[in-house]
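Trainee: Mind having a look at this structure? Questions to follow.
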Amino acid sequence: MANENVYSRALMDHVSNPDFKYKMDDPTLSHEGINPSCGDDLVLDVRLGDDGKIAEVSWTGHGCAVSQGSADMMSDLMVGETPENARALCHLFGKMIRGEEKDESKLDELDEASCLESISHMPARVKCAELAWRTLDEMLAHPKTSERTSPTSTEDGTDESGNPLAGKTVVDCATDGHGMGERA
C-alpha cells in the first residue's frame, strides 16, 4: 500500500492548518481520548446550542498526523449536527476505517473524512484515525458523565487485527511500524 493514499492533501491540510485545534471556553461537554498504542492524546470539547445541535467543536492534544488530521476533519463535520446524527456519523466512520463499509454513497456522508478510507488497509493506523470519533461518540452517549469518567481509549483488549492482547495493553510506537517522522 502506497503512503500517498493515506497522507492525502486533505489530511495534511488539516494537520498543517487545523481549524479546530484550540481550547474552548466553557464547553457544554469535554472528554479525553487516548491511544496508548501510538501515544495520541486529545481533549475534545463540544458546545451544544439552544436547539440541541452541536454549535462548536474543538480539540487540543498531540499525536501522529493521522490522529490529528482525523480529529480536525471530524470537528468540521460535526458542527450543526444533532447528537444523534453525530453518533451515527461516528459509527459510519468506524465501519469505514475498519473496512466494514465501502459503499461510496454512504461514505459521502463523511465528506472529506472519507479520504481516510485507505487507512483500513493499515491496521496499525486504524486506532489513530478512530480516536477523536470514539471520544465524541462516548461523550455524546454519556453526556452527564463525560467529564467525570476515565478517558476513552482505543485499546479494547485486542491488537490492530482484533486478536486478544494476552495481557499486553501498550504497544511501543517505535516498533509497530508507525515511524518517527509522522508526529505533528
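The values are calculated or read from the model by the stated rules, or taken from the named source; none is laboratory data. No experiment lies behind these values; they were computed from the predicted model shown. Glycine gets a Cβ as well: all are built from the backbone with ideal geometry, and neighbour counts include every protein chain shown. Please note that ligands, DNA and RNA were not included when accessible areas were found on the heavy atoms of the full protein model with its side chains. Shrake-Rupley method; radii C 1.70, N 1.55, O 1.52, S 1.80 Å.
Trainee: Looking at region 63-119 only, could you name the residues that are without any contact (Cβ under 8 Å) to a residue 12 or more places away in the chain and more than 25 Å from Pro27 (Cβ to Cβ)? Before the answer, list the steps.
Mentor: Going residue by residue through region 63-119, those that are without any contact (Cβ under 8 Å) to a residue 12 or more places away in the chain are 84-85, 88, 95, 100-101, 103-105, 108.
Hits for region 63-119 are Lys95, Glu100, Glu101, Asp103, Glu104, Ser105, Asp108.
Trainee: Right, next: Between Ser161, Ser114, which is over 21 Å from Val43 (Cα atoms), polar (S, T, N, Q) and either modelled with pLDDT of 65 or more or part of a helix (DSSP H, G or I) (or both)? Spell out the reasoning first.
Mentor: On the way: Ser161 fails: either modelled with pLDDT of 65 or more or part of a helix (DSSP H, G or I) (or both).
That would be Ser114, the only listed residue that is over 21 Å from Val43 (Cα atoms), polar (S, T, N, Q) and either modelled with pLDDT of 65 or more or part of a helix (DSSP H, G or I) (or both).
Trainee: Do the conditions hold for Ser37, that is, is it at pLDDT below 95 and either under 17 Å from the mean Cα position of the chain (by Cα) or surrounded by 15 or more Cβ atoms within 10 Å (Cβ to Cβ) (or both)? Let's see the steps before the verdict.
Mentor: Details: at pLDDT below 95: yes; either under 17 Å from the mean Cα position of the chain (by Cα) or surrounded by 15 or more Cβ atoms within 10 Å (Cβ to Cβ) (or both): yes.
When the stated conditions are applied, Ser37 passes them.
Trainee: Restricting to region 79-88, name every residue that is in contact with a Leu (Cβ under 8 Å, 6 or more places away or on another chain) and assigned to a helix (DSSP H, G or I). Even if it seems obvious, please write down each step before you answer.
Mentor: Initial filter on region 79-88 (in contact with a Leu (Cβ under 8 Å, 6 or more places away or on another chain)): 81, 83, 86-87.
Hits for region 79-88 are Pro83, Ala86, Arg87.
Trainee: Now a separate question. Identify the single condition in (1) of a type outside the set (Lys, Arg); (2) modelled with pLDDT of 95 or more; (3) within 25 Å of Ser114 (Cβ to Cβ) that Met12 does not satisfy, given that it satisfies every other one.
Mentor: Unmet for Met12, out of (1) of a type outside the set (Lys, Arg); (2) modelled with pLDDT of 95 or more; (3) within 25 Å of Ser114 (Cβ to Cβ): (2).
Trainee: What are the residue pairs meeting all of these: first residue in region 120-135, first residue closer than 16 Å to Gln68 by Cβ, second residue hydroxyl-bearing (Ser, Thr, Tyr) and in a helix (DSSP H, G or I), Cβ atoms under 6 Å, and 6 or more apart or on different chains?
Mentor: Once the first residue is closer than 16 Å to Gln68 by Cβ and sits in region 120-135, its partners that are hydroxyl-bearing (Ser, Thr, Tyr) and in a helix (DSSP H, G or I) give Cys128/Ser67; Ala129/Ser70; Leu131/Ser67; Ala132/Ser70.
Trainee: Look through region 79-101, keep the residues that are out of contact with any strand residue (DSSP E or B) (no Cβ under 7 Å at 6 or more places or on another chain) and β-branched (Val, Ile, Thr), and return whichever of them is most open to solvent (accessible area, probe 1.4 Å).
Mentor: Thr82
Trainee: Sticking with this one: When you go through (1) open to solvent by less than 40 Å² (accessible area, probe 1.4 Å); (2) not in a strand (DSSP E or B) one by one for Asp76, which number turns out not to apply?
Mentor: (1)
Trainee: Do we have any residue at all in region 56-66 that's within 11 Å of Leu131 (Cβ to Cβ) and either touching a His at 6+ places or on another chain (Cβ under 8 Å) or open to solvent by 10 Å² or more (accessible area, probe 1.4 Å) (or both)? So that I can check it myself, show each step before the final result.
Mentor: If we filter region 56-66 for residues that are within 11 Å of Leu131 (Cβ to Cβ), which is where we start, we get 59, 61, 63-64, 66.
Restricting the remaining residues to those that are either touching a His at 6+ places or on another chain (Cβ under 8 Å) or open to solvent by 10 Å² or more (accessible area, probe 1.4 Å) (or both) gives 61, 64.
Checking region 56-66: at least one residue is within 11 Å of Leu131 (Cβ to Cβ) and either touching a His at 6+ places or on another chain (Cβ under 8 Å) or open to solvent by 10 Å² or more (accessible area, probe 1.4 Å) (or both).
Trainee: Follow-up. Working carefully through the options Val66, Val15, find the one that is farther than 15 Å from Thr152 by Cβ, in contact with a Cys (Cβ under 7 Å, 6 or more places away or on another chain) and in a helix (DSSP H, G or I).
Mentor: Residue meeting the stated conditions: Val66.
Trainee: Something else: Just name the residue that is modelled with the highest pLDDT out of those in region 120-155 that are farther than 26 Å from Pro27 by Cα and in a helix (DSSP H, G or I). Please lay out each step first, then the result.
Mentor: Of region 120-155, the ones farther than 26 Å from Pro27 by Cα are 120-126, 155.
With the extra rule that they be in a helix (DSSP H, G or I), the set shrinks to 120-121, 123-126.
Values: Ser120: 88, His121: 87, Pro123: 86, Ala124: 84, Arg125: 89, Val126: 93.
Here the answer is Val126.
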